[in-house]
Amino acid sequence: MSRDIIIDRVIQKFKDRSDVGFKKYGVTLKDDDQPLDTWLTHIQEELMDAVNYIEKVKDVLYMKTVSDYQESTDFTEEEIEAINKANAEHYPEFYKPE
């Protein structure tokens, strides 16, 4: 155990992830001798997934922020609609007129 519990958790996650990979592919990362272009494709795909996850979290946080803000204000429905329309250009996926 290290002096930092966060580091301990990260190390354990790496070990757990290695176990999942070995169970799935039957080979350790050290012994996996795929060509470099295959490794680059794996990296690219993982980073693309990470960007998708970031975008999802941003969407959730944005919607929570908007919802919390609307609940904590005394704006009328018309004022809220005007705010939503003003944001529609920047976040068109969130604005759906009724």
Pairs to check: Lys56/Lys85; Lys58/Lys85; Lys24/Lys64. Give those whose C-alpha atoms are more than 28 Å from each other in this structure.
Lys24/Lys64
Which angle between 0 and 90 degrees, to the nearest 10, do you get for helix 36-71 versus the longest principal axis of the chain when only C-alpha atoms count?
30
Using a/c under 1.5 as the rounded threshold, could you call the range 34-98 rounded, prolate or oblate? The axes a ≥ b ≥ c are square roots of the C-alpha gyration tensor eigenvalues, and prolate needs a/b larger than b/c, oblate otherwise.
prolate
Divide by every residue of the chain the summed helix terms, -39500 (n - 2.57) for each DSSP H run of at least 4, and state the resulting mean residue ellipticity at 222 nm, rounded to the nearest 500 deg cm²/dmol.
-24500 deg cm²/dmol
Let me make sure I get this right: for the range 1-63, a, b and c are the square roots of the gyration tensor eigenvalues over alpha carbons, sorted descending. Under 1.5 in a/c it's rounded, otherwise prolate if a/b > b/c, else oblate. Which is it?
oblate
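A short reminder: the numbers here are calculations on the coordinates, not readings from a lab. The shown structure was predicted, so the numbers you read here are calculated from the model rather than taken from an experiment.
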